[in-house]
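Structure first, then comments.
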Amino acid sequence: MPKHIASGLKYLAAVELVRDGYSQKEISKALNMDRSTVSHYLHGRNLSLSSIEIAELIIKFNPRDFIVLTDAIVGDKEATKTIVKTCLDKKYSVEVKDTCIGCGVCVDICLIDAIMLDDLKAHIDTELCCGCLMCEEKCPTNSINIMEES
Ligand code: SF4
Ligand code: SF4
């Protein structure tokens, strides 16, 4: 069943990517699928209705549950990043305070590699951040603020 739900999540992302003008070749790369599977999905083949319905429920979960579940079900970091970025319609602003000590805890915990260390300070890519708040909660110096943009 998880494989079917992964297919549903990839299908939803593929549909969004088509709307955004991506080619099938680009979609197959972004979701780590072969092109014929992408084509099948976009023509509604090889997918059960229930897998799409469950995937639609998952993308409506709070950001943390959405990303953790997607990561566990899809089992592929690059595809997970694409699904989360494509299906999440929220934007976040981020702040890393000067109290950051560069310990790297936040880097290790972010499932979508949105955080990098530079000069012993964390830097967060707002284009990737999905607002799961795991970094904010685990930072030992309370240096991270993630805020949903209105
Ligand atoms: S967990 Fe906190 S202190 Fe550590 S690198 Fe990240 S922001 Fe800096
Ligand atoms: S809130 Fe933090 S851990 Fe979550 S995606 Fe954004 S940067 Fe990564």
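The values are calculated or read from the model by the stated rules, or taken from the named source; none is laboratory data. Because the structure is predicted, anything quoted here is derived from the model rather than measured. No Cβ is skipped: glycine too gets one built from the backbone with ideal geometry, and neighbour counts run over all protein chains shown.
The range 40-112 holds helices (runs of 4 or more DSSP H) entirely within its bounds, and those carrying 2 or more residues that are farther than 18 Å from LEU133 by Cβ and not assigned by TED's automatic domain parsing to the domain that holds CYS130 map to 49-58, 63-74, 77-87. For LEU117, which of the numbered conditions (1) touching a Lys or Arg at 6+ places or on another chain (Cβ under 7 Å); (2) within 16 Å of ligand 1 (Cβ to nearest atom) fails to hold? Among (1) touching a Lys or Arg at 6+ places or on another chain (Cβ under 7 Å); (2) within 16 Å of ligand 1 (Cβ to nearest atom), LEU117 violates only (1). Restricting attention to the range 127-141 and to residues that are farther than 18 Å from LYS85 by Cβ and outside any helix (DSSP H, G or I), the residue that is nearest to ligand 2 (Cβ to nearest atom) turns out to be CYS139. Select from the range 86-126 the residues that are within 10 Å of ligand 2 (Cβ to nearest atom), in contact (Cβ under 8 Å) with a residue 40 or more places away in the chain and of a type outside the set (A, V, I, L, M, F, W, C) and list them in ascending order. Answer for the range 86-126, where residues must be within 10 Å of ligand 2 (Cβ to nearest atom), in contact (Cβ under 8 Å) with a residue 40 or more places away in the chain and of a type outside the set (A, V, I, L, M, F, W, C): just TYR92. Looking only at the range 82-97, residues that are more than 16 Å from ARG64 (Cβ to Cβ) and within 16 Å of ligand 1 (Cβ to nearest atom) come to 4 in all. Here ILE144 passes the criteria (1) surrounded by fewer than 20 Cβ atoms within 10 Å (Cβ to Cβ); (2) within 12 Å of ligand 2 (Cβ to nearest atom); (3) modelled with pLDDT of 95 or more; (4) not assigned by TED's automatic domain parsing to the domain that holds GLY21 except the one numbered (1). Checking each residue in the range 60-79 for being under 18 Å from MET33 (Cβ atoms) and either among the β-branched types (Val, Ile, Thr) or crowded, with 20+ Cβ neighbours inside 10 Å (or both) picks out THR70, ILE73, VAL74, ALA79.
Residues in the range 78-123 that are modelled with pLDDT of 95 or more, over 30 Å from ALA6 (Cβ atoms) and aliphatic (A, V, I, L, M): 4 in all.
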